[in-house]
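The values are calculated or read from the model by the stated rules, or taken from the named source; none is laboratory data. This one's a predicted model, so the numbers in the text were calculated from it and none came from an experiment. Note that we place each Cβ from the backbone using ideal geometry, even for glycine, and neighbour counts take in every protein chain shown. The area values use the complete protein model at the heavy-atom level, side chains included, leaving out ligands, DNA and RNA. Shrake-Rupley method; radii C 1.70, N 1.55, O 1.52, S 1.80 Å.
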Amino acid sequence: MSTTKENIAVYIEFFGAFREYGAGVELSLESGCRAEQVKLALESTIGSGAANLLAHSVLADEEQILGPDWQLDKTAYLAILPPVSGG
């Protein structure tokens, strides 16, 4: 029995302050990874200069903000949402 996990495509669309990195990216991540691991992979892709912004941002799918228990189990289309301030 194999314990090798498969890689899954994750498409992440950028909004707000993330737009300086383009419109979005496609990552190939191991099934079972959690939202924080997706954010770490995103940091590896766009650069450590985004670390603080990523730390204060959330991932979302079409329906909800993804909490810490969310796990990647199929191809995902996500958004990375930076913090916002109102006035």
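Annotations
- The strands (runs of 3 or more DSSP E) located wholly in the chain that include 3 or more residues which are of a type outside the set (A, V, I, L, M, F, W, C) occupy 7-14, 24-30.
- Residue within the stretch 29-39 that is in contact with a strand residue (DSSP E or B) (Cβ under 8 Å, 6 or more places away or on another chain), surrounded by fewer than 18 Cβ atoms within 10 Å (Cβ to Cβ) and in contact (Cβ under 8 Å) with a residue 60 or more places away in the chain present: no
- Residues satisfying the stated conditions in the stretch 27-60, i.e. under 10 Å from the mean Cα position of the chain (by Cα) and under 19 Å from Thr75 (Cβ atoms): Leu27, Arg34, Ala35, Gln37, Val38, Lys39, Ala41, Leu42, Leu59, Ala60
- Members of the stretch 58-69 found to be open to solvent by 50 Å² or more (accessible area, probe 1.4 Å) and either polar (S, T, N, Q) or touching a Lys or Arg at 6+ places or on another chain (Cβ under 8 Å) (or both), listed by number: Gln64, Pro68, Asp69
- Checking Val84 against (1) among the hydrophobic types (A, V, I, L, M, F, W, C); (2) surrounded by fewer than 16 Cβ atoms within 10 Å (Cβ to Cβ); (3) at pLDDT 95 or above, the condition it does not meet: (3)
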